[in-house]
Structures are given as structure tokens and as C-alpha cells.
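Okay, so here's the structure we're looking at.
The values are calculated or read from the model by the stated rules, or taken from the named source; none is laboratory data. In this text the structure is predicted, and so the values were computed from the model without any measurement. Every residue, glycine as well, gets a Cβ built from its backbone with ideal geometry; the counts of neighbours run over all protein chains shown. Heads up: the accessible areas ignore ligands, DNA and RNA and are worked out on the full protein's heavy atoms, side chains in. Shrake-Rupley method; radii C 1.70, N 1.55, O 1.52, S 1.80 Å.
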Amino acid sequence: MAQSLDWKEKLKSRMAPDLAREIDIFETQIELRKQGKLDERVFAETRLRRGVYGQRYDNGQRHDGQKVQKLKLPSGGLTKGPETVWDAPGMLRIKIPFGGLNPEQMEALADLSEEYSDAISHVTTRQDIQYHFVHIDDTPTLMRRLAAVGITTREACGNVVRNVTACPLAGVCRDETFDVTPYAIACSNFLLGHPDTQDFGRKFKVAFSGCKQHPCGLTTMHDMGAIAKTAVVDGQERRGFEFYVGGGLGAVPYKAQLFESFLPEEELLPLAQAISRVFARLGEKRNRARARVKFLIANLGIEEFRRLVLEERAKLEPDPRWRDYLSTVRQYRETPLKPAASLNGGERPRGFDAWHATNVYRQRQPGYAVATVTLPLGDITAGQLRGLADIARRFVKDTIRTTVEQNIVLRWVSEADLPALYEALRQIGLGEANAGTIVDVTACPGTDTCKLGIASSRGLAKELRSRLSEKSFELDAAVKDLRIKVSGCFNSCGQHHIADIGFYGINRNINGYAVPHFQVMLGGKFNDNAGAYGLAIGAVPSKRIPEVVLRVTDRYIKERKKSESFQDFVGRIGKKETKAMLEDLTQVPAHAVDASFYRDWGDPREFTLTDMGVGECAGEVVSQAQFTLAASERELFEAQVYFDAGDLRKAVMTAYAAMVQAAQALVKTQLYDVSNDEAIVLTEFRKRFCDTELFYDKYAGGKFADYLFKAKETLQQQNGMKQDGALRLLQEAQLFIDAAHSCYNKLSALRVASPAGGQAANQGEG
Amino acid sequence: MDLQKINVKFFVEEPGAVSPEAFVLLFNAWIQAADGEYYDIADYAHVEAGPGILLIAHEANVAMDNTGNRWGLLYNRKQPLQGNNGEKLRRVLKAALENCRRIEEASSLEGKVRFRADEALVLINDRLSAPNSEATFKALKADLETAAHALYGNADFVLERESEDPRKRFSVRIKAAGRFNVAALLANLDKGTGNGNRRAAS
Ligand code: SF4
């Protein structure tokens, strides 16, 4: 903590005040949890909403291949969530809206990966960056150092709006309708921390795409997807979006449904807000497996969902932020570092042509190109990231983006610079070709670090990469362009559904042994914004998956009709035939004959499911009332700090504010939208909880409520508060907050806390 | 300056003598023998000049590390140490060397991995307390010399900053004249400080 305070001091002037304050609050919450003053479930969802995620083995045990070991974690019984030991290493997810990075941010990311993680920054399939093996005590410092370069981890995990993604080619694409970047930025900023996005039963993912036919935005697999579109309205060309809702992968993949064929740009943010409100109100809260918006839409039907959203939209109080950003949208522009120049003539280093063929995209702007930096398994070392920052400064300035294919692109490279750029990348070990080809396998973390992982997605991806890259020169062009994506389980973080060849990890018990397998999925479509989901063909032992890839691709090369796509080919030969083709590969030799089948890729341990834990993808469903109660506790803690420092005035004011917050938490169980205005909170609290005697204690009657109103009077009159008076007020504030907790629990148990005004039936549950 | 987060790296004599996978197997065996001390293995052999194969623990990570395209054993002390800087450096050097010895003696590696004991890299994994500057070097030089002296006894040695790039972590290379092996360095550390000749850092 001492060190964290030092960074806090050092970076004070470089952090946005609201971001700095949020991190201070999180640090206090950590302290409160350590003191046992914050419930572990509330803390779990709190940290998730700060991007602080669990990691495999954080329940304090690990199977070593022979037995389960209890890990030596000095924190003992202290937890950071249900079955999550404090000292166990965790993951930090860092939100990178639309994947946009600049060199300063890359350097900060590199530094932090070295000091707090394992010197690797991992690019995810949703354009985030992840660190693994992070200690929770280091997270406030990490957040401060990120905030100093304009990055937040807020709402990177948990039941909130996750990173807003967008095509990495937005603004430079030859086929886009218009640049979606400023809209993605506006949407990300608007929804971040918005009160209407804080009470979801599950996460909510948003994506933007500049066109319909290319894969970059993957809008159809998102909860909310917007594809750039123009329309002539009243004789004028207007910008807007083809607007989709309810897509999602996971165990039960749904393609998004069309909500509006042309949503005018000015309606983007209000509609997102209205959808958030409907989702918060009506979305499932108890059964996480059915809590994504796709299930809500499936239950209601798209027509009814649309009607509810539009009804909600009509009721919204206008917000200037809906339109403010539109005045600058058309001016949004990236500026290149170098003048445009063509590639002609210059000397080409060895390996350049192969790299150029797969890793360079000619921009819409003549003389400029986008260069893709291929990252194996999405991993980049601290040294490489720093080196890449130097390269960016030399060739493009700050036009850098992460991609959903776990790579990084440098945009606005003057074409004449491409050979020098390639050489510079090669020197830091990033000159690999094959971006976006069959070699460039995408994989989720799987059993390496994910608590839900069944099989080693990264191990398999690594094996496939190495085998395919050896053959890459001889690969048929039709095969070279196929995509392989691997997930460690059915949850599909590796996006296996939308790959030509996809795999997800499963287990099969054979002769009393657990054997790692992958379910083979064929014929998914990355194009058309993830236009089709693949077909499950059957389970194959993990160790035979490379043979599956060879067999399927060989047959495609041999039997495809002229320019027949892989999807069409798979559709034509059919599931039965494809399954038959792979039948012999499903066999597992006896353990005594070949024990390697009973181990996973890259893992010498005998395979077991013992290490699977409870995932945190779904987060904890914690109501807004619970969060507000937790916030009141924190505020009271701060009041105590002021008191200890002798600032009595601040102490009593803060303690009173904590009481008001606790009262507001209770009011929220009945009136979700209650204002933050103190007078309104007190009136509503009196009306709903005092007059009805809901806040009455069995023995103390209305005494605790009186503390609140008395504190207000004390504050109004107080001239020169004495120490004992201040201490009494602090103690009464604690009693009031405790009583608020009891009342909340009582209401939850009785299910009395049913929301008014059409709120969801389970919104106030505990 | 209160030194913490001390890292020490000893380089292998013959890179490529065994494959990185051999260390995954070895570290797994260490985990099996350690009863909960080590949490996990992270395999980054697929990235160039990267952190290699790491054995993650609470107190310190041990890695066969390839940063800078030089394979070696990196001991990364994470938890705070007590004592003065000289004592802390010695403790970390000793812990690193003990891991080196364990690797050299591992039967699964058949004696193929040997460490160059004439060179040690000391790195402070904390940019706040030890920025990579000449001022840090000056402030720590005496402590580093004491540690180098403890390591190499009477032999001559030089201290040099690995890089002057202020973005990088503070790191100093200790290079000794003569031939050494891991056992000899451990013996030196156990003996305590000697009175060797010391040459000023370049
Ligand atoms: S797909 Fe499964 S294994 Fe992979 S990251 Fe998601 S939950 Fe974990």
C-alpha cells in the first residue's frame, strides 16, 4: 500500500480526477474487504467491474498430475470472492476501446507487465489487453499507472458493458461506408459507468463495423451491433446504422437480430440507453446461463423487445451527450506521420514479400497501408511492446489498434516505408507473416489460466501454428485463407463458432481415465460480420486434432468445386460424411499403449478436470442497492479516517453522507431511479420505510431511522463540533448503516423489495 | 534506498542444449516435490526473446528466461526482504544460484545445462524506487560491489549498467575475471565477504 501511495503522489497531476477518485475508492474497498467489512460477493463484483478477474487455481488448490496440492497462500482464509483466495494470482483485464493505442500507452503496458505480471501483454479476442499472475494488492497501482496514460480497467469484467469493439481498419478501409471510430468512442464513453448499465444480470457486448460484408466488426455475434449505413432522408444523405441486437456466442450461440434497418446517428446513444434499461429491468438475474440479452429477446420475441425499447426510448429524459459528439464526428481524422509514397522500386529485404502478401492492407488513402503485426497466441513481450512503440513513433505516430484476431495493426504506414518497417519488426521478433491466415490461430486462455477451461486451447493453438507454419509455403491458397479458432470450453471466448475450422475443449471418460478432447466445428463464417456459425461434427481426442486439420483441408483442396467456399463445401458434403471422414481419429489408444493421449498439449500432467473452478465470466449478480450499501460503508470508513486525522467537520459531513447513501440504497429497492438529491432521498426514505415501519427494528423501533434525521439537524446547527459529539455521530452512522443492511436482508428474504414502476421482479433481490 | 523486488539472472553456457519443453517437465517435477509452494507454470517459449518458461510462486518466480535473446535462470523476488541492501542482494543471489544448481543437477536434463557463473545480472523490478539512471547506479554501487565481492571473492570484477534507456528497469551486469562455477559461487556466498581486489565500474 505504501508503494501504491507513492505512485499515487507521483501521478496525481496525470490522472483524470474522476478516474483517480474511482481508484482511491477501489483501494479503500480492498482495505475494507481485508478488514472483513465488505461482503465477499459484493467485493467480487466490485473488483470484476474494475477488471480484476480470477484465475485458475485461485481457490487455493492445484492438481500436480499425481495429487491435489493445497497451495501455500499466506493470506489464509481471506478471500476476494467466493472460493477465491486473496493471495492467489489473478488476471487483470484492461479495456482498450476500439483497440486504439498510442506509443505512450504501449510503453506503460510494457512496464506494468514486467513489474506486476509475467512480462507478457496478451491481446484478447475483444481487443482488450490482459495480464496474468497479478496480485490483487498491486491492482490500485496498476490502475493508477494506466490512468496516467488514459486507460481504464473499469467495467472490463462483470455484469456491465464490456469493451466496445470496432473494425481495426475503420477510417482507412477501402470498403467502409464511413469511419465508425468516433461513434465507438462516444458509445464507450457514454455507457461507461452510466447508471442505466449498472444493474444487468450479465455482461453486455457492443461492436461497430464499417461495412456489412467483411468480418472485422463481428457485429452479428454481439449483444448490440451497429453497421455503418447511409440513407437519403428528405433529399439529404444521412449517416446511421443497420442496428442489431441479441447476438452472442457461448454455449448457445445466437445470431443478432435486426432491430432497425436504418437507425439515424443521433438515435445511437439514446437507443443504447433504452436497450440498457430494458435489459436491466427485464433481463434474467437468477439463472446466469440465461441472463444475456439474447435470451431476453428470444423469450419476448424481437417485435415485443423492439416495442419495449422504443417505449422506453420515448420516456427518456433528453441528455445533451446524445448529440454533443456529433458536431465533431465528421472532423474525426487521424493524421499520418509521413507523406504518402508508393512502394515501387525500393530494396526489399528477405522475407518481405511473403510478409507483405499476408500482413499488409492497402488503405483507401493512396500511398498508405496498414501493417499487421502477427502476435503468436496474442502474446507480446514487454521488450517487444516497447520496441513496437519506438517503431510506431518512427513510422506512424499513434495510429495503432489491437484486433479481434489477437494481433496489432499499425495504420497510416507510408507504403515506401514498408520494407524498413518490416526490417524493424523483424529485429524485435515481430516480423512473422501469415496474419489472418490458417496459421494465425486464435485461442482463448483455456486451461493455461482460465478457471473454466477444460482443455488446453493455447497448447493446441501453439501446436497447430507450428505445424502449419512449417507448411505455409506449400499451402493451397484456398486453405491458406481459412481461419482456425480454439476455445478451451463451450463458452466460446476463442470464437470457435465463427471459424472455418473451430474447436472447443471437452472431456471424455475412457476406461476410467479423463481424456482431453475437442469438439470439431466446421463451416463457421468469419466474413459478413461473423455471418454463420459452424456445425458441430464430433469429438476428437486433443492429440489428434492436427490430423483433423490436415484431413479436412486436404479433402477440401481435392474435392472443392471451382471457387467453392469452405462453408459451401462443408455444407455440400454434409455432416454425416464429414463425421465418417473423421471417424478413425476419434479412437483413443489404451493408456498402457500411448499415455500421451491422456495428457494435454503443453502440459505434462495426467489430464484431470479437478482444477476447474467456478467461473467469474458471469460475475456476481449484485443489485444496485447492495452496491450503494457497500458504498455507504466505504464512505463511513473515510469519515473515520477524517476523524482520526482530527478533521471533525469533514468527518461528520462524510458520515452523514454515508447515512444518506444507505437510505438511498433502500429506496432503490423500490424506486430504482431515485435521484441523488439528498432532500428527495430523505423524503422517499421517510415515506417508504419510516411511515410504513419497514425500517423498524424489532427491539429498537424507529431509533435507527431517527439517527439519520437527527444527524441532519446536528449538521445544520453545528458550530464547532466537539470530538465526543462527532464520535457519537460516527457511531450512530454505523448503527444506521447496519440497520439498513438488516432491513435489506429482511426485504430480500421476504421478497418485499419488489420494484415499482414496472421494474424487474428480481431487481431488488439479494 | 531500500532495495526490494530484486531479480537476478545467470546465463546458460550453451543455449539450445535442451528444448524449452524440458523445463516445463522439470518445473512440473519441482511442483510435485514442493507441496504447494509453486502455483503454476507459464510457457511463453513461443514468443521471441521473451520470459520463457516461468514457475510462479508467491515469494519469487523462477524462470528459464530468454529476455534479450539470452537464455538464463531468472530469479524474481516478489515479496519484501528484511535487512540491509547488501544482505538482500546476497539472499537473492544465493536463491538464484541454488536454483541454478538444482537445474544443473537435474537428472532429466542429463547434465546438459550449465550456467556461466562469471556473469550475473542484477535487476530491480521497480521503476519507482530504482529508476534506470546514473543516480540509481551511484546510490547502489557500494551495495552492488559488496554483493559482487561476496560472490566472486578476491577476483576482479566490473559492474556495468545493462542499458541507459530510462524506460527500462535498472539493471547491472556483474562480470568477473576468471572461470567460476555455480558451486564455487555458492561456497563464496556461504563464506561471507572476502577481501578481493575490486576494479571500479566502467
Ligand atoms: S472459452 Fe472457456 S476456457 Fe476459454 S476463456 Fe472462455 S471460459 Fe475460459
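Structure notes:
- On a per residue basis, region A:352-427 carries 27 Å² of accessible surface, using protein heavy atoms and a 1.4 Å probe.
- Calculated accessible area for region A:2-147 comes out at 31 Å² per residue, all protein chains present (probe 1.4 Å; ligands, DNA, RNA ignored).
- In order along region A:476-492, the phi-based Karplus estimate (6.51 cos²θ - 1.76 cosθ + 1.60, θ = phi - 60°) of 3J(HN,Hα) comes to 4, 4, 5, 7, 4, 7, 6, 10, 10, 9, 10, 10, x, 7, 5, 5, 6 Hz; Gly and Pro are listed as x.
- Taking the charge dipole of the protein assembly as shown about its Cα centre, with +1 at Lys and Arg Cβ atoms and -1 at Asp and Glu Cβ atoms, the residue from A:479, A:136, A:329 reaching farthest to the positive side is A:479.
- Interface residues of region B:16-40, defined as those losing at least 30 Å² of solvent-accessible heavy-atom surface relative to the isolated chain (probe radius 1.4 Å), are listed as B:24, B:28, B:31, B:32, B:35, B:36, B:39, B:40.
- Rounded FRET efficiency, nearest 0.05, which uses the C-beta distance separating residue A:593 from residue A:175 and R0 of 45 Å: 0.25
- Amide H contacts of residue A:451 (H built 1.01 Å from N, in plane; Pro and chain starts excluded): A:56 sit under 5 Å, all sequence-distant by 5 or more or on other chains.
- Projecting the Cα atoms of A:648, A:590, A:116 onto the charge dipole of chain A, computed from C-beta unit charges around the Cα centre, puts A:590 farthest toward the positive end.
- Reduced Cα scattering model of region A:173-331, Debye log10 I(q)/I(0), q = 0.12, 0.19 Å⁻¹: -0.49, -1.26
- Among B:94, B:112, B:175: highest mean-square fluctuation, GNM of chain B, C-alpha pairs under 10 Å: B:112
- Counting only other chain Cβ atoms within 10 Å of each residue's Cβ, the peptide A:428-438 averages 1.
- Under 5 Å between amide hydrogens, built in the peptide plane, is the criterion, and for residue A:61 it picks out A:71 among residues at least 5 positions away or on other chains.
- Sparse-neighbour loop sites [trypsin sites (Lys or Arg not before Pro); region A:623-726; at most 14 other C-beta within 10 Å; DSSP]: A:698, A:722
- Placing a pseudo-label 7 Å from each Cα along the Cα-to-Cβ vector at residue B:156 and residue A:558 gives an inter-label distance of 7.0 nm.
- The residues of region A:197-305 expose on average 32 square angstrom of accessible surface per residue, using a 1.4 Å probe on protein heavy atoms.
- By average C-beta atoms within 10 angstrom, highest first, the peptides A:217-229, A:734-746: A:217-229, A:734-746
- Shielded residues, region B:42-64 - accessible-area loss of 30 Å² or more between chain alone and all protein chains, probe 1.4 Å: B:43, B:44, B:46, B:47, B:48, B:51, B:56, B:58
- Against the rule of thumb 2.2 N^0.38 Å, how large the Cα Rg of region A:393-525 comes out: 1.23
- Annotation: extensible slack from residue A:675 through residue A:508 equals 54.7 nm (criterion: 0.36 nm per residue apart, minus Cα-Cα distance).
- Cβ-Cβ FRET estimate between residue B:105 and residue A:427, R0 fixed at 35 Å, reported to 0.05: 0.40
- Near the amide H of residue A:456, within less than 5 Å, lie the amide hydrogens of A:447, A:601, all on another chain or at least 5 residues away, with H placed in the peptide plane.
- Take A:47-53, A:284-290 and order them by the average number of nearby Cβ atoms within 10 Å per residue, most first; the result is A:47-53, A:284-290.
- Shielded residues, region A:440-465 - accessible-area loss of 20 Å² or more between chain alone and all protein chains, probe 1.4 Å: A:458, A:462
- Residue-averaged beta-carbon neighbours from other chains (10 angstrom radius) around B:68-76: 1
- Among the lysines of region A:624-765, pairs at least eight places apart or on separate chains and with Cα atoms under 24 Å apart come to 21.
- Region A:2-147: C-alpha pair distances exceeding 25 Å, %: 30
- With each label modelled as a point 7 angstrom along the Cα→C-beta vector, the residue B:79-residue A:683 pair spans 5.7 nm.
- Cα-Cα over 18 Å, subset of A:80/A:451; A:34/A:285; B:78/B:175; A:480/A:525; A:212/A:255; A:95/A:285: A:34/A:285; B:78/B:175; A:95/A:285
- Across region B:21-36, rounded Karplus estimates of 3J(HN,Hα) from the backbone phi angles (6.51 cos²θ - 1.76 cosθ + 1.60, θ = phi - 60°) give 4, 4, 6, 4, 5, 5, 5, 5, 5, 4, 4, 4, 8, 9, 6, x Hz, Gly and Pro being marked x.
- With both labels modelled 7 Å from their Cα along Cα-to-Cβ, the residue A:251 to residue B:29 distance reads 4.1 nm.
- The stretch between residue B:184 and residue B:87 holds 33.0 nm of extra length on full extension. This uses 0.36 nm per residue minus the Cα-Cα distance.
- Reference-scaled alpha-carbon Rg (2.2 N^0.38 Å with N residues) for region B:6-201: 0.99
- Given charges at Cβ of Lys, Arg, Asp, Glu: chain A dipole, positive-most of A:519, A:339, A:406: A:519
- The phi-based Karplus calculation (6.51 cos²θ - 1.76 cosθ + 1.60; θ = phi - 60°) puts the 3J(HN,Hα) values of region A:501-507 at 10, x, 9, 9, x, 9, 10 Hz, whole numbers, x for Gly and Pro.
- Expressed per residue, the C-alpha convex hull volume of region A:624-765 stands at 94 Å³.
- Label-zone membership for region A:244-262, site residue A:234, 7 angstrom Cα→C-beta point, backbone N under 19 Å: A:262
- Acute angle (nearest 10 degrees) that the helix A:624-644 long axis makes with the longest principal axis of chain A, alpha-carbon atoms: 60
- For the pair B and A, the buried accessible area comes to roughly 3300 Å² in total, with a 1.4 Å probe and the value rounded to the nearest 100.
- Alpha carbon centroid spacing (whole Å) that separates region A:110-163 from region B:44-83: 20
- Counting, for every residue in A:116-127, the Cβ atoms of other protein chains within 10 Å of its Cβ and taking the mean gives 3.
- Element breakdown for the protein assembly as shown at a 1.4 angstrom probe: carbon and sulfur atoms account for 49% of the accessible area.
- For chain B, size of Cβ-based charge dipole, Lys and Arg +1, Asp and Glu -1, in debye: 660
- Multiplying the residue separation of residue A:650 and residue A:332 by 0.36 nm and removing their Cα-Cα distance gives an extension gain of 110.1 nm.
- Long-range tail of P(r) for the protein assembly as shown (Cα pairs > 38 Å, %): 50
- Between region A:636-689 and region A:194-247, the alpha-carbon center distance in angstrom: 39
- Pairwise Cα inverse-distance average, inverted: Kirkwood Rh of region A:288-411 (Å): 19.3
- Dipole size of region A:173-331 about its Cα centre, with +1 on Lys/Arg Cβ and -1 on Asp/Glu Cβ: approximately 760 debye, rounded to the nearest 20.
- The spacing between region A:533-603 and region A:1-52, judged by their C-alpha centroids, is 48 Å.
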